[in-house]
Number of protein chains: 2
Amino acid sequence: MRLTILGCHSATPRADKAQTSQILSTTNHHFLIDCGEGTQVLLRKAKTKFAHIKHIFISHLHGDHFYGLPGLISTFRLLGREAPLHIYGPKGIKEAITILLKLSDSWTNYPLHFHELSSKVPTLLFSDEKIQIHTIPLKHRVYTNGFLFTELSKDRKIIFDAVQKHGIDVSQINNLKKGKDATDSVGRVIPNKTLTLDPDRAKKYAFCSDTAYFPEIIKVIQGADLLYHESTFLDDNEELAIRTKHSTAKQAARIAKSAHVKQLLLGHFSSRYKNLELFGSEAAEVFPNVAIAHDGMSIDF
Amino acid sequence: MRLTILGCHSATPRADKAQTSQILSTTNHHFLIDCGEGTQVLLRKAKTKFAHIKHIFISHLHGDHFYGLPGLISTFRLLGREAPLHIYGPKGIKEAITILLKLSDSWTNYPLHFHELSSKVPTLLFSDEKIQIHTIPLKHRVYTNGFLFTELSKDRKIIFDAVQKHGIDVSQINNLKKGKDATDSVGRVIPNKTLTLDPDRAKKYAFCSDTAYFPEIIKVIQGADLLYHESTFLDDNEELAIRTKHSTAKQAARIAKSAHVKQLLLGHFSSRYKNLELFGSEAAEVFPNVAIAHDGMSIDF
């Protein structure tokens, strides 16, 4: 998986910092997660092909997480898109977008599918042969979900030299990938282990923004390879974090530690902080493998 | 008057070009005209104080002219604004903004006044002792207005040396500014012309975007000091201009010439054109005093 941060800052605008949006690229998808104002321009800057985006996940309906969506939908129309677009977000998102499209008399010429969410338990949103996506119910001032992207077990990797040496017919390759033994041309059983290697480990990405400190998510995101968790504030503003239902860097680190994730990525920083390194140092006291997001960064994991 | 172009490009997004929005600064106001996506960041870049913006004029409800408005309204709230904000735009704008605020549970803590427009004749929107603002009904795919900003006649300018020499009491200054004669300490009438100079000429700015070629506006914008007129296309796409109800550079120039404006500023360029100088050269064949807008430019007039 590759995560590309388009924007990772909180709501008040700055000339050089963008609001939340990111692209998760998997074997066969580019998922857009949140869509703050200006996302379409950030996608251009990141050289992401608009046609690659087929699924958009919106965590909640605060402006800094979805006011870029109407413009992106309109731009897809202007560029002649024909492929369907799926939008997953809180109940109400369909009404908002529909009114904007109606006012501009600009109905999309491509199918626009809304998947409106209101459940407060983890819910399967999407699955295919390679990935499953569930909600991670969060605790914020309005109804909010994070999203958990779980790759399904991957195929075993064929050792082509061994397959050739044993004269295994290509018709058996798919069975080998699934872990079955093969039979050679004279009927001998060749064990799977002789012909394949263990698959790459299936990866798991958890996106959690915005939320108060909310330990209920720990069981949902358990063992994730990468956890993006908001940390709007430092310890100095823990009271403010509680009042606005945001998290501190240290609270995010506590979640990461308890969930045994492999890496923590912090974002959604309040504009009051000039030195973002402090987020890393406060979090590292609790959970050492922590990184600070910045607009335009990519992480492969 | 000073016009600052925040963005002047048409809808499809580019990494370095912004959609329509501009600030008209007058003696005592900063009027925001249109509000494409990202306007709040452009205001930051132009170092415009958010508190200075009290009146926002939206020409029409296509996204590239108003999808920056919800974010700006939200940001004003986050920054603790208390001053009222007046928004002038087509009928429907109140419903759209209201739904977005409701979904985010973020009602403004400052008064938000919508002035919804539906008239097809020039209509007075705002006036004070220094300026009047009228709509300029345009012809586009949806209901659209331009805006005409007309300074009111200014005061005559006092010649302080002459006032002192003739021993004119300060109580007569306001009358002198309005053109009345004065009386000196021994009762002699001193003619106004002796004590004052002609006032600075009152200025007129006409904003026209987006519109098909529409000669009906000529009488409305007659004699404007500056006309901003969209020119989405060059001559090579005149047919497309007609179909999409936009203008070519030359059509904008014809309007400028017939209306005897002093200067023409072109904007809203289609992304298909790389060399924007061509807009200037095609327009100049009809109307020589033409300039090409670019994001961040300012014009004093």
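Descriptive notes on the structure:
- Residue list for region A:129-172, restricted to those being acidic (Asp, Glu) and either within 14 Å of chain B (Cβ to nearest Cβ) or loosely packed, with under 12 Cβ neighbours inside 10 Å (or both): A:GLU129, A:ASP161, A:ASP169
- Unmet criterion (only one of (1) surrounded by 24 or more Cβ atoms within 10 Å (Cβ to Cβ); (2) out of contact with any helix residue (DSSP H, G or I) (no Cβ under 7 Å at 6 or more places or on another chain); (3) closer than 18 Å to B:SER59 by Cβ) for B:ILE255: (2)
- Every residue from region B:53-75 that is touching a residue at least 60 places away in the same chain (Cβ under 8 Å) and within 10 Å of chain A (Cβ to nearest Cβ): B:HIS60, B:LEU61, B:HIS62, B:HIS65
- Qualifying residue in region A:65-82 (condition: touching a Gly at 6+ places or on another chain (Cβ under 7 Å), farther than 27 Å from A:LYS274 by Cβ and polar (S, T, N, Q)): yes
- Any hit, region A:84-107, residues being under 16 Å from B:LEU100 (Cβ atoms), in a strand (DSSP E or B), in contact (Cβ under 8 Å) with a residue 12 or more places away in the chain and not small (Gly, Ala, Ser): yes
- Residue check, B:LEU32 touching a His at 6+ places or on another chain (Cβ under 8 Å), away from chain A (no Cβ under 12 Å) and buried (at least 24 other Cβ atoms within 10 Å of the Cβ): yes
- Residue list for region B:98-114, filter: more than 14 Å from chain A (Cβ to nearest Cβ) and aromatic (Phe, Trp, Tyr): B:TYR110
- Answer from B:LYS193, B:LYS204 - the residue that is surrounded by 12 or more Cβ atoms within 10 Å (Cβ to Cβ), modelled with pLDDT of 95 or more and more than 19 Å from the chain's Cα centre (by Cα): B:LYS193
- Only residues that are closer than 18 Å to B:LYS54 by Cα and under 22 Å from the mean Cα position of the chain (by Cα) were counted across region B:91-116, and they come to 7.
- Residue match in region B:76-97 (condition: within 13 Å of another protein chain (Cβ to nearest Cβ), buried (at least 23 other Cβ atoms within 10 Å of the Cβ) and among the β-branched types (Val, Ile, Thr)): no
- Residue in region B:18-26 that is assigned to a loop (DSSP other than H, G, I, E, B) and either touching a Pro at 6+ places or on another chain (Cβ under 9 Å) or crowded, with 24+ Cβ neighbours inside 10 Å (or both) present: yes
- Of residues in region B:210-228 being over 10 Å from the mean Cα position of the chain (by Cα) and closer than 13 Å to B:LEU3 by Cβ, the one surrounded by the most Cβ atoms within 10 Å (Cβ to Cβ): B:ALA224
- Tabulated pairs, region A:280-301, first assigned by TED's automatic domain parsing to the domain that holds A:GLN40, second of a type in the set (Asp, Glu) and outside any loop (DSSP other than H, G, I, E, B), C-beta under 8 angstrom, 6+ apart or interchain: A:GLU282/A:ASP235; A:ILE292/A:GLU277
The values are calculated or read from the model by the stated rules, or taken from the named source; none is laboratory data. Here the structure is a predicted model, which is why all the values come from computation and not from measurement. Here Cβ is always computed from backbone atoms with ideal geometry, including for glycine, and neighbour counts include all displayed protein chains.
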